[in-house]
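One structure is given here, and the rest of the page talks about it.
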Amino acid sequence: MTRDFANIMANRAALCLVLVLLGTIPVVEAGDDGDWRSREVDVQSWEDGPELEESPMDIPQAGDAVFVINVSYVPGHGQARVEGSIIIELFEQWAPNTTANMIEHIEQDLYDGIFFHRVIDDFVTQSGDPTCRTVGVYPGTNPGCGNGGTGETIDLELHPNLTHVDGAIGMARGMDIDSADSQWYIAETEAHNLDPENREDGGYATFGVVRDGMAHVRAIALTPTSDDPTGFANVQNPASSAGRPIYEAQITEISMLGVIPKMNETQENNNTVEVMSAEVMPTWVFLSAGTLLITLIGVASLLYARKVSEEEIE
């Protein structure tokens with residue numbers, strides 16, 4: 001064994017130790033590539049969901065997409081503007097085409113900056129029209145607000161597990177059952193009168209449900225409107241239909257959050273889930289093991305190189 005070889009071994013060992021100390025060993029973590037599908041949402045943080053009614057929609061489905069609506073609204077006359085978030089799960093396995101349509105529009109930032117153009121207490125809050133943006137000073141807007149879209153429609157997509165439960169998100173459409181485009185609504189209470197089995201016009205398609213932030217949905221539904229200006233829950237206008245909020249109820253941004261994680265237990269009563277953690281070891285375990293291994297290799301190499309050098313000197 002030559003002194004040159006011993007020096008090479010010592011230099012390599014030193015390099016390994018430097019990499020460990022500087023933290024430059026590359027580690028790939030979920031979400032580093034910016035793909036929201038690689039991120040698992042924290043379902044245990046959800047505290048403000050809708051009323052449950054023993055529906056398949058009550059239970060979060062592993063792998064489903066989740067998005068968040070950031071809203072800004074004035075709940076009533078003389079009240080301060082409120083900022084909040086509404087988190088919604090999309091049932092991709094039951095409504096693949098409708099959910100894909102929604103995700104595409106979200107990723108295109110189609111909904112950022114628009115407002116809820118139709119709000120009816122004890123019924124729905126409707127938005128999704130890209131033409132419904134404030135022009136000048138609210139309520140100034142485009143003349144076509146309420147009738148706009150992208151021009152690309154999708155077919156009515158129904159599934160027996162999807163109904164108009166409290167907090168359900170559904171697709172708005174025209175007279176043609178296959179005319180849904182970009183507009184959607186959130187049921188502020190159960191609205192089973194919109195389900196296909198309860199109608200003669202084919203009904204409306206639901207494709208997701210609110211998981212957190214339901215209080216904001218209810219507050220927006222109660223905001224004073226052009227045909228129900230009181231803003232009081234105990235004063236209902238039976239003729240309320242257009243429902244344009246008097247104060248702008250804006251969607252500041254909609255973005256994809258991640259996906260529902262795998263679960264080993266679902267508590268249906270409070271809609272919380274314990275996330276399975278035994279299947280996939282945390283990234284820090286691999287990082288710690290790798291760091292330890294490299295450190296040991298480095299120390300062993302240094303000792304070996306020193307031994308060779310000493311033998312050669314002797």
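The values are calculated or read from the model by the stated rules, or taken from the named source; none is laboratory data. As the structure is a prediction and not an experimental result, all values here were calculated from the model. With ideal geometry, Cβ positions are generated from the backbone for all residues, glycine too; neighbour counts draw on all protein chains shown. Note: accessible area is taken over every heavy atom of the protein model, side chains too, but ligands, DNA and RNA are not part of it. Shrake-Rupley method; radii C 1.70, N 1.55, O 1.52, S 1.80 Å.
A few comments on the model shown:
- Summed over the residues of the stretch 114-226 and divided among them, the accessible surface reaches 38 Å² per residue at a probe radius of 1.4 Å.
- Note on the stretch 21-178: with neighbouring protein chains present and a 1.4 Å probe, carbon and sulfur make up 49 percent of its accessible heavy-atom surface.
- Amide H to amide H, with H built 1.01 Å from N, Gly208 comes under 5 Å of Phe91, Ile169, counting only residues 5 or more places away or on other chains.
- For Trp94, the solvent-accessible surface with a 1.4 Å probe is about 40 Å², rounded to the nearest 10.
- Mean accessible surface per residue for the stretch 33-97, computed with a 1.4 Å probe while every protein chain stays in place, in Å²: 48
- Förster radius 51 Å - calculated FRET efficiency between Gln79 and Asp176, Cβ distance, rounded to 0.05: 0.80
- Order by protection proxy (mean Cβ within 10 Å, highest first), peptides 75-84, 167-176: 167-176, 75-84
- A dipole drawn for the stretch 37-96 from +1 and -1 charges on Cβ atoms has a positive end, and of Val74, Ser38, Pro56 the residue lying farthest that way is Val74.
- Top positive-direction residue, dipole computed over the stretch 60-142 with Cβ charges, set Gln93, Tyr138, Ala65: Tyr138
- Phi-derived couplings, Karplus 6.51 cos²θ - 1.76 cosθ + 1.60 at θ = phi - 60°, listed residue by residue for the stretch 62-76: 4, x, 5, 6, 10, 10, 10, 10, 8, 10, 9, 8, 10, x, x Hz, with x used for Gly and Pro.
- Model label zone, Glu53; criterion: amide N under 11 Å from point 7 Å along Cα-to-beta-carbon; scope the stretch 192-229: 192-195
- Segments 242-253, 135-146 sorted - mean Cβ within 10 Å per residue, highest first: 242-253, 135-146
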